[in-house]
1. Would you mind checking the tilt of helix 60-80 against the longest principal axis of the Cα atoms of the chain, expressed as 0 to 90 degrees and rounded to 10?
2. What is the sum of charges around P56, taking Lys and Arg as +1, Asp and Glu as -1, for the other residues whose C-beta is under 13 Å from the C-beta of P56?
3. Accessible surface of S39 in the full protein assembly, 1.4 angstrom probe, to the nearest 10 Å²?
4. Taking H as built 1.01 Å from N, whose amide H comes closer than 5 Å to the amide H of A53, not counting residues under 5 places away?
5. With a 1.4 Å probe and all protein chains kept in place, how much accessible area does D42 have, in Å² rounded to the nearest 10?
6. Rounded to the nearest 10 Å², what accessible area does L32 have for a 1.4 Å probe in the complete protein model?
7. With everything on Cα atoms, drop me the angle between helix 19-32 and the longest principal axis of the chain, reported from 0 to 90° to the nearest 10.
8. Just to confirm, what accessible area per residue do you get for the chain at 1.4 Å probe, in whole Å²?
Amino acid sequence: QVLSDVFNAPVFTIDTANSACLGSAYRAIHGLIAERNVSLADVVKLAPEPRLAVTPTPGAEELYRPLLKRYAELEQKVIYNPASSC
């Protein structure tokens, strides 16, 4: 639920063991064939059917939007000036 609320997006799951590893494998395949202009959607067509797990809580976006902006600002500060972020 937290991921859905923070990113204001529905979260889907698949009924398989080690689904994170499976997702990583699909991304790796996509990377290997990237020069062929094959979309990620085409790579995962044979994946198990995703199931909607949760949707964003109404009103959560107003809470998390400023925090996401602040997080992005801090992330940029660390990326472009790591010595000053300590």
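The values are calculated or read from the model by the stated rules, or taken from the named source; none is laboratory data. Note that the structure is predicted; figures quoted are calculated from it, not measured. Quick reminder, even Gly has a Cβ in these numbers, built from the backbone with ideal geometry, and neighbours come from all protein chains shown. These accessible areas exclude ligands, DNA and RNA; they are computed on the full protein's heavy atoms, side chains included. Shrake-Rupley method; radii C 1.70, N 1.55, O 1.52, S 1.80 Å.
1. Helix 60-80 sits roughly 80 degrees off the main axis of the chain.
2. Net charge in that neighbourhood comes out at -2.
3. Per-residue accessible area (S39): approximately 50 Å².
4. For A53, whose amide H was placed from the backbone, the distant partners under 5 Å are V11, F12, T13.
5. Accessible area of D42: about 80 Å².
6. Solvent-accessible area, nearest 10 Å²: 130 Å².
7. For helix 19-32, the angle is close to 80 degrees.
8. On the way: 6890 Å² over 86 residues.
Averaged over the residues of the chain, the accessible area is 80 Å².
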